[in-house]
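Notes follow the structure.
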Amino acid sequence: MPWSTAFDDPVRVGKRKLLTLQDAADYIMQLPEAAQHETHWQTAIETLINAAETGGGWVMFARIAMLRALNAGGRSG
């Protein structure tokens, strides 16, 4: 599946909407490098890659991983 594959429902980050796998990947790449290495963001990255390579249910898992990472807040790893 292409990185332009859309989520069933956008991932909302404040007023911004992440509509596609690429939008989510771009968002993560804009985070500070230390944040990108946190476990919840690593999980989101892995599921985004699986979604882009495999499609199917992985797109839903990628959306869930993004939501979990965004909601991790102050929790560590």
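General observations
- Length released on extending from residue 42 to residue 13, taking residue separation times 0.36 nm less the Cα-Cα span: 8.6 nm
- Placed amide H near residue 5: partners under 5 Å, 5+ positions off or other chain: 21, 22
- The coefficient of translational diffusion for the range 1-45, derived via Stokes-Einstein from the alpha carbon Kirkwood radius under 10 °C and 1.306 mPa s, stands at 143 µm²/s.
- Cα→Cβ-extended label distance, 7 Å offset, between residue 22 and residue 71, nm: 2.9
- Theoretical FRET efficiency, 1/(1+(r/R0)^6), r = Cβ-Cβ of residue 3 and residue 34, R0 25 Å, to 0.05: 0.50
- Unit charges on C-beta of K, R, D, E only; dipole of the chain, Debye: 340
- Correct choice for Cα extents along the principal axes in Å that was computed from the model, options (1) 34, 27, 22; (2) 35, 32, 23; (3) 32, 25, 18: (3)
- For the chain, the mean residue ellipticity at 222 nm estimated from helices alone is -17500 deg cm²/dmol, where every DSSP H run of n ≥ 4 contributes -39500 (n - 2.57) and the total is divided by all residues, rounded to the nearest 500.
- Of the solvent-accessible surface of the chain, computed with a 1.4 Å probe and all protein chains present, 53% belongs to carbon and sulfur.
- Crossing angle, helix 39-54 versus the chain [Cα axis fit, 0-90 degrees, rounded to tens]: 10
The values are calculated or read from the model by the stated rules, or taken from the named source; none is laboratory data. Keep in mind it's a predicted model, so treat the numbers as computed, not measured. Please note: Cβ atoms are built from the backbone with ideal geometry, for glycine as well, and neighbour counts cover all protein chains shown. For accessibility, only protein heavy atoms count, side chains too; no ligands or nucleic acids. Shrake-Rupley method; radii C 1.70, N 1.55, O 1.52, S 1.80 Å.
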